[in-house]
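Worksheet for the structure shown next.
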Amino acid sequence: MTPQTETELAEMIRAARAPLNIQGGGTRPVGQTVATDVLSTSAMTGITLYEPGALTLAAKAGTPLAEIKAALASEGQRLAFEPMDHRGLLATTGTPTIGGVMAANVSGPRRVAVGAARDFLLGVRFVDGQARVLKNGGRVMKNVTGYDLVKLMAGSHGTLGVLSEVSLKVLPKSEMTGVLLCEGLSDEIAVCALCRALGSPFEVTGVAHLQKGMDGAPVTMIRLEGFETSVAYRAREMQALLSDLGDFTVETDQARTDAGWNYVRDVAPFHDRAGDVWRLSVKPTDAPGVVAQLDGAQAIYDWGGGLIWLLSPAGMTAETIRRAVDQVGGHATRLRGTGDAPAFHPAPPAVAALEAGLRQKFDPRGILNPGLMG
């Protein structure tokens, strides 16, 4: 089922007699729903409003992400939350869509500075499991009506409703990017450097550490963005701040800095590699200790260590990984791999009850991606 309009979408949901597997561009098959009938929003395309002066854009849910990026680039603007492209990591085809990005709250390295995808969501239109067409929020930043429901839809993975249109805040591109690089640091020292950078007044917009960079050596990366004179000053100050931890050099070539952060954003080191891929969320200072417990796993630390991308070796179970993160109050999601354990981390009883109540409110028939999130 591939509706082309919001009206067709509502009619298909109303007529459904079996659970629906809700998809956007089909690039992110994370988790397993019991539904087999696919409903895709990929034909609901088009930018419906773009006001560069107001930094706002609205688009139908199936609009390709590339189309939106191109429109923004023509005005010197961008999606500041830097959504990743999952195709290389998950070996999928298809086209990433803005609805899929928002439904999964896909947020990249710049999240530490500007917030998550949901923080840029101004308004939504969606069809719930009762085939009701609902809207919340607006198309301008000053309109915050329905704030909570707008945020609720981001990260709901199509379990509460099917997005038909989203309205977003966008931001200007930076004039210059500078990246501080240091090779050879241990995980513990690297995370210490990243946390020190985050705690500094120098406005970092990316903080990552790869156990194996492009040349196979550990590399620590700290990104600064802004006007050229500002980036140069902050880079010098940051080098002085971190001088006791390592010898950081500065890279300012735009093509090289973009390639490096796309490499982190899209988890490129784990493409075409055997093993399950996990996304762990923990307190940054706990991150090296968690990885140390998972013998044989390879890690990429993003968000200063708050996000760990983990490539687990054969035989490492979900229970082993979740036990390590549970000890520090984190959670773990399996993005790629197999096994009986659910892909999404089991929610605490109070949260699970809240989620069940929301699903009963918006999807009492239980037809929208049932079982996907537990």
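Just a few scattered comments:
- Karplus (6.51, -1.76, 1.60) ³J(HN,Hα), θ = phi - 60°, over the range 224-241, in Hz, Gly and Pro reported as x: 10, 9, x, 6, 4, 5, 5, 4, 4, 5, 5, 5, 4, 5, 5, 4, 5, 5
- Taking the chain and dividing mean pair separation by its residue count, relative contact order in percent (alpha carbons under 8 Å, at least six apart): 19
- Summarising the overall dimensions of the chain from its C-alpha atoms, the Rg and Dmax are 20.9, 65 angstrom.
- With the simple spin-label model, which puts each label point 7 Å out from Cα in the Cβ direction, the residue 188 to residue 281 separation comes to 2.8 nm.
- When each of 60/135; 135/173; 69/212; 69/173; 173/283 is checked by Cα-Cα distance, pairs over 21 Å: 135/173; 69/212; 173/283
- Relative packing of peptides 168-176, 53-61, 87-95, 100-108 - highest average C-beta neighbours within 10 Å first: 100-108, 53-61, 168-176, 87-95
- Proximal aspartates and glutamates to residue 169, defined as alpha-carbon separation beneath 17 angstrom and excluding residues fewer than eight positions away on the same chain: 51, 67, 75, 82, 119, 148
- Sequentially through the range 13-23, phi angles give Karplus couplings (6.51, -1.76, 1.60; θ = phi - 60°) of 5, 5, 7, 5, 10, 9, x, 10, 8, 7, 9 Hz, Gly and Pro residues having no value and appearing as x.
- Label sites at residue 130 and residue 74, each approximated as a point 7 angstrom past Cα along Cα to Cβ, lie 4.1 nm apart.
- Once the Kirkwood radius over Cα pairs is known for the range 268-336, the Stokes-Einstein relation at 37 °C and 0.692 mPa s delivers a diffusion coefficient of 281 µm²/s.
- Proximity of backbone amide H atoms, modeled 1.01 Å from N, is registered between residue 336 and 277 at under 5 Å, excluding neighbours fewer than 5 places apart on the same chain.
- Near the amide H of residue 367, within less than 5 Å, lie no amide hydrogens of residues on another chain or at least 5 residues away, with H placed in the peptide plane.
- The largest-to-smallest principal axis extents of the Cα set in the range 191-308 are 44, 29, 22 Å.
- Couplings for the range 271-285, taken from phi via the Karplus curve 6.51 cos²θ - 1.76 cosθ + 1.60 with θ = phi - 60°, read 5, 6, 10, 5, x, 6, 10, 10, 10, 9, 10, 9, 5, x, 5 Hz in order; Gly and Pro are left as x.
Read-outs throughout are calculated quantities, based only on the coordinates presented, and are distinct from any laboratory measurement. This structure is a prediction, so every number in the text was calculated from the model and none was measured. Every residue, glycine as well, gets a Cβ built from its backbone with ideal geometry; the counts of neighbours run over all protein chains shown.
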